[in-house]
There are 2 protein chains.
Amino acid sequence: MRKTMQNNNIKPTDSELEILQILWKSGYSTVKDVNDELNKLRSVGYTTTLKTMQIMFEKKLLGRERSGRSHTYVALIKENETKNMLLDKVLQTVFAGSASKLVMQALGQNKASKKEISEIKKFLNDLENEEV
Amino acid sequence: MRKTMQNNNIKPTDSELEILQILWKSGYSTVKDVNDELNKLRSVGYTTTLKTMQIMFEKKLLGRERSGRSHTYVALIKENETKNMLLDKVLQTVFAGSASKLVMQALGQNKASKKEISEIKKFLNDLENEEV
DNA sequence: ATCTATTTACGAAAGGTTTCGTAGTTAAGA
DNA sequence: TCTTAACTACGAAACCTTTCGTAAATAGAT
């Protein structure tokens, strides 16, 4: 059982998560880059995105480097660990720590296609086999 | 594919969720009842709980009835639908709508015991069979 | 060197959540 | 009836998140 260490344990807000998703996908990006991506989904002012990213930098969610007149930002927290943390919070607060309840709720409402379901079954088989 | 209707579409806050969990479990309760339960987990003042429940009443998350000098409260939103909604939010915002990604993340970190895993497998088989 | 567009920094407003103090109401008991 | 404990109502403080306007700095173009 591996111990997962993260740079910090700050929970990102919803807006911060949006930005993190973009940075995880795109890697190093300027505020303009991120704001452009964001505006494909919803309308946000440039300085709003800037401010949020500055706050995230202060919180050490993001790192940054000057490059010419602007900054280039990068996510400092790992996608996998962050998603795991967020899921864990729901697991604890909503499903009292029961992973199976959570999974069944997730799969019970036609949320998963046939293809996804067989993927999951395969995943479960592998999981059982590797746990010697 | 059934349409799930809920009295409202308000997303409960974290504190509200704590109270909902207690009411779902205990059924009709007074503020005192809820506050006592809450204080088994963490320290909260009586008027804090009262105020939160009053706000929840205004938001129509709770119903209430006078009984003697106090009120008796009850959850107006359904446990199942609410949990589903909260999970759905995570599904969309964190896992881009992919239920299988969510499930695999949930199961990949030793969060589920062997017993739970076989429960889930059974659940998946049933799911596949009933979808004719 | 000056202008201009880009970018940053800062502050603050607006809205929401959580917390609790205080004052008033209620009803039960002395 | 009067007192008191339990309960409610209300307001406001403290804090957080999201948003954007404004001013200053930067650097490239003329």
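When A:LYS122 is tested against (1) more than 7 Å from every other protein chain (Cβ to nearest Cβ); (2) open to solvent by less than 40 Å² (accessible area, probe 1.4 Å), just one condition goes unmet, and that condition is (2).
Residues that are within 7 Å of chain B (Cβ to nearest Cβ) and hydroxyl-bearing (Ser, Thr, Tyr) within the range A:83-100 comprise A:THR93, A:SER100, listed in sequence order.
Filter the range A:50-61 down to residues that are under 30 Å from B:ALA99 (Cβ atoms) and in a helix (DSSP H, G or I) and give me whichever is least open to solvent (accessible area, probe 1.4 Å). Before the answer, list the steps.
Step one: list which residues in the range A:50-61 are under 30 Å from B:ALA99 (Cβ atoms), which gives A:52, A:56, A:61.
Keeping just the survivors that are in a helix (DSSP H, G or I) gives A:52, A:56.
Details: A:THR52: 29, A:MET56: 0 Å².
Among residues in the range A:50-61 that are under 30 Å from B:ALA99 (Cβ atoms) and in a helix (DSSP H, G or I), the one least open to solvent (accessible area, probe 1.4 Å) is A:MET56.
For B:ASN9, the conditions (1) modelled with pLDDT under 95; (2) more than 22 Å from A:ALA96 (Cβ to Cβ); (3) in contact with a Lys or Arg (Cβ under 8 Å, 6 or more places away or on another chain) all hold with the exception of (3). Inside the range B:62-118, residues that are within 16 Å of DNA strand C (Cβ to nearest atom), open to solvent by 60 Å² or more (accessible area, probe 1.4 Å), at pLDDT 95 or above and assigned to a loop (DSSP other than H, G, I, E, B) make up a count of 0.
The values are calculated or read from the model by the stated rules, or taken from the named source; none is laboratory data. The model shown is predicted, which means the values in this text are computed figures rather than measured ones. Quick reminder, even Gly has a Cβ in these numbers, built from the backbone with ideal geometry, and neighbours come from all protein chains shown. Only protein heavy atoms, including side chains, enter the accessible area calculation; ligands, DNA and RNA are left aside. Shrake-Rupley method; radii C 1.70, N 1.55, O 1.52, S 1.80 Å.
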